[in-house]
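The values are calculated or read from the model by the stated rules, or taken from the named source; none is laboratory data. Because the structure is a prediction, the values reported are computed rather than measured. Every residue, glycine as well, gets a Cβ built from its backbone with ideal geometry; the counts of neighbours run over all protein chains shown. Quick note on the areas: whole protein, heavy atoms, side chains included, nothing else; ligands and nucleic acids left out. Shrake-Rupley method; radii C 1.70, N 1.55, O 1.52, S 1.80 Å.
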Amino acid sequence: MLKDLLATRANPDVPSALSGLFTQDADPSAISFAAGSPNESLFPVAAVQRAFNTAIAKQGAHLFQYQNPQGNPALRAKLAARIGKWGQVTTTAEHVVLTVGGQQAIELVAKALLNPGDEVAVEVPTYVGALAALDLYQPTYYGVGLQSDGIDLDVLETTLKRHPGIKLLYTVPDFHNPTGITMSVAKREQLVALANRYDFIILEDSPYRDLGYEQTPLPAIKSFDTEGRVVFVSSLSKILMPALRTGWLVADDTLLAAIMKVRLASDLEATGVTHAAIDAYLTTNDLDAHVDVLKDHYRVQCAAMVAALGKYFPDEATFTTPAGGFFDWVTLPKDIDTGALLREQISPTAHVSYVPGTNFYPNRDVHNSLRLCFSGLTPTVIDAGIHRLGDQVKAAVHEAKPVV
Ligand SMILES: Cc1ncc(COP(=O)(O)O)c(C=O)c1O
């Protein structure tokens, strides 16, 4: 059989953690809280169009030549300065690698580090795309729960003591996908101390760090790194446009060399024309001013979401109150399977969608939570959708609970 010739990691009978997440609801009256996309009405299309023209006019044919495997040096210098200013990370363009979205950066780190069976710690729940990338390298996962100020360090330390072979921790410290939680500064520092003590690498994935509604970004975990153990990853997808497919990572020498080795084999280099255009955009536009506009929108949308959850969801449900980003996380009583509820009840009758929480657990073994994304919807639509959803959730909770 042809299938027998495939690598275990690519077996299509075991779907990617990401499969099914990008399907559009065919029903135009449906309200989707599922897709985690930025709001496209906020994309600076005209300015980016001008930037492409500027870059092409300036360099002509040479722009379309093979370029630098680490990516456009001028753009790398700007990103190094940006993470210096907003994340207190001291680095240089030489330690920045431009990637095809943050997603490729995660995959490159997994490829550079993991042999089959290697032990990896992840927050639970965690970003599905990271699970899709890590899954390819067949790790053994250990899930560590989240508290309101980020990963539970006591549980992490107990896990590290039991499994001293853990070599990688993947974390989303800022406005976490899927929960919206942010890791405190104290925990960031303690996490690096644990990495030094127990000898593991931290993959810090932070695409939402600029999108704090009321606050400037916190120091990155990487800013506390004393031994070159932290790989910092971010992206322009959420603050500019995802189709630019521009992410970036910061790594110190040993990890950088390993990452560049696997990067060369993967794609030689990322999209040089786009990077030159982004560099031109950043030269003539104020990205921070653009980010302020985004924050004003997402702040209002998040407030509408939190208010609607308070109004329409039953007391048995708990939900997060994010201080930035795109997501809210709802936990229902244990006996409710939010996947079955969506399929059988909510999607066909209430025409509302969300991502069932199961997708965000490496072993797909927790079923009573859901992720809501508010970034693409107006406050009025958020209110209407959560009203419809809340009625269904109330019915399910009360049905599941025996009447006494
Ligand atoms: C936590 C997290 N990391 C990485 C990504 C990857 O985004 P991109 O590849 O567009 O940069 C996403 C996208 O949703 C995300 O939420």
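List of remarks:
- Given (1) at pLDDT 95 or above; (2) farther than 20 Å from residue 376 by Cα; (3) open to solvent by 50 Å² or more (accessible area, probe 1.4 Å), number of the condition residue 271 does not satisfy: (1)
- Here the condition is being more than 16 Å from the ligand (Cβ to nearest atom), under 28 Å from residue 171 (Cβ atoms) and surrounded by fewer than 16 Cβ atoms within 10 Å (Cβ to Cβ); of 94, 119, it holds for 94 alone.
- Cβ pairs under 9 Å, 6+ apart, first in region 337-366 and of a type in the set (D, E, K, R), second in a helix (DSSP H, G or I): 337/358; 364/358; 365/358
- Of the residues 160, 168, 194, the single one that is open to solvent by less than 40 Å² (accessible area, probe 1.4 Å) and within 21 Å of the chain's Cα centre (by Cα) is 168.
- Count of residues meeting criterion [of a type in the set (Ser, Thr, Tyr) and surrounded by fewer than 22 Cβ atoms within 10 Å (Cβ to Cβ)] in region 203-219: 2
Conditions (1) in contact (Cβ under 8 Å) with a residue 60 or more places away in the chain; (2) surrounded by 16 or more Cβ atoms within 10 Å (Cβ to Cβ); (3) not assigned by TED's automatic domain parsing to the domain that holds residue 246, marked per residue:
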residue	(1), (2), (3)
32	yes, yes, yes
36	yes, yes, yes
39	yes, yes, yes
49	no, no, no
52	yes, yes, no
57	no, no, no
78	yes, yes, no
87	yes, yes, no
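- Only one of the numbered conditions (1) at pLDDT 85 or above; (2) within 30 Å of residue 386 (Cβ to Cβ) is not met by residue 55, and that is (2).
- A single member of 397, 393 is in a helix (DSSP H, G or I), buried (at least 22 other Cβ atoms within 10 Å of the Cβ) and among the hydrophobic types (A, V, I, L, M, F, W, C), and it is 393.
- Hits in region 225-238 - residues which are open to solvent by less than 10 Å² (accessible area, probe 1.4 Å), without any contact (Cβ under 8 Å) to a residue 60 or more places away in the chain and more than 10 Å from the ligand (Cβ to nearest atom): 230
- If only residues of region 1-50 that are of a type in the set (Val, Ile, Thr) and either under 16 Å from the mean Cα position of the chain (by Cα) or outside any loop (DSSP other than H, G, I, E, B) (or both) are counted, the one that is modelled with the lowest pLDDT is 8.
- Note on region 321-354: residues that are closer than 21 Å to residue 173 by Cβ and crowded, with 22+ Cβ neighbours inside 10 Å amount to 7.
- Failed criterion for residue 124 (all others in (1) under 30 Å from residue 358 (Cα atoms); (2) more than 16 Å from the ligand (Cβ to nearest atom) hold): (2)
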